[in-house]
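Quick notes on the structure that follows.
The values are calculated or read from the model by the stated rules, or taken from the named source; none is laboratory data. For clarity, every value in this text was computed on a predicted model and none was experimentally measured. In this analysis, Cβ positions are derived from the backbone assuming ideal geometry, glycine residues included, and neighbour counts consider all displayed protein chains.
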Amino acid sequence: MLQLCDVHTYYGESHILQGVSMEVKQGGIVALLGRNGMGKTTAIHTIIGFQQPAAGSIIFKGQNIGGLPAHEIAQMGMALVPQGRRIFSSLTVRENLTIGGRKKSGPVQGYNLDKIYDLFPVLEHRTKHLGNQLSGGEQQMLAIGRCLMTNPDFLLLDEPFEGLAPAVILEISRKIEELKNSGLSLLLVEQNVRVACRLADYIYIMNKGKIIFGGNAAEPQIEKNIQQLIAL
């Protein structure tokens, strides 16, 4: 579904991504882990088109999207749940969900307002509330629901569990598993190693703009090994 091959990205003269290669298979979840400032969000922004790669290729559904503007990549079926949620605080829950809604092409019915409310029932109860009247967990559900309304094939999630209570993390984790089971492919950027290991099929660790580890999330002692690598 997605493959990065030797991708390099700069901010000015700063060389942030230094030859990143990774892939996400169709219908799978891949987690990208690492400490703050290691280049994870830059990788997300480069994939979605916010930042242009200086070298390398980004293949999405068989097409090189490196250098394409973000709106064209989104139209191809990619969506981003950004770090910090970035919902529209002055709009209602319903308005946040419908503002960017796009029907799914083909005979299979995609996500609509009713399906989002089925996935996150609390949003239906808050449908007339403004974005800034929601809790952090509700805002995160809204951010995910807003992306699903575009009916993507591929979902990027940047730190979706940041600042959330354990019970809310568990609830949203279950919903992400449901999305995977529905056939959606996901790339998850996260610092919560335990949650990432439980959700993902495959794990990459990034350090100073480079991938220093890639392994199957089902491997024995994977969580312990990852914690040690991240601490280096």
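Brief remarks follow.
- As a summary of the residue check, L123 satisfies the conditions (1) in a loop (DSSP other than H, G, I, E, B); (2) within 18 Å of I176 (Cα to Cα); (3) more than 17 Å from the chain's Cα centre (by Cα) except for the one numbered (1).
- In summary, K128 fulfils each of the numbered conditions (1) in a loop (DSSP other than H, G, I, E, B); (2) in the same structural domain as V20 (by TED's automatic domain parsing) with the single exception of condition (2).
- Of all residues in segment 116-131, those satisfying the criterion of being touching a residue at least 12 places away in the same chain (Cβ under 8 Å) and over 9 Å from T92 (Cα atoms) are I116, L119, F120, V122, L123.
- T9 meets each of the listed conditions (1) surrounded by 15 or more Cβ atoms within 10 Å (Cβ to Cβ); (2) under 24 Å from L184 (Cα atoms); (3) polar (S, T, N, Q) apart from (2).
- Restricting attention to segment 170-203 and to residues that are without any contact (Cβ under 8 Å) to a residue 12 or more places away in the chain and assigned to a helix (DSSP H, G or I), the residue that is surrounded by the most Cβ atoms within 10 Å (Cβ to Cβ) turns out to be L170.
- Residues in segment 111-168 that are in contact with a strand residue (DSSP E or B) (Cβ under 6 Å, 6 or more places away or on another chain) and surrounded by fewer than 16 Cβ atoms within 10 Å (Cβ to Cβ): K128 alone.
- Taking the criterion of being touching a residue at least 40 places away in the same chain (Cβ under 8 Å) and outside any loop (DSSP other than H, G, I, E, B), the residues of segment 142-169 that qualify are L142, A143, I144, G145, R146, C147, L148, F154, L155, L156, L157, D158.
- L156 passes every criterion in (1) under 13 Å from the mean Cα position of the chain (by Cα); (2) at pLDDT below 95; (3) of a type outside the set (F, W, Y) apart from (2).
- Count of segment 1-14 residues which are modelled with pLDDT under 95, over 24 Å from P152 (Cα atoms) and not hydroxyl-bearing (S, T, Y): 2
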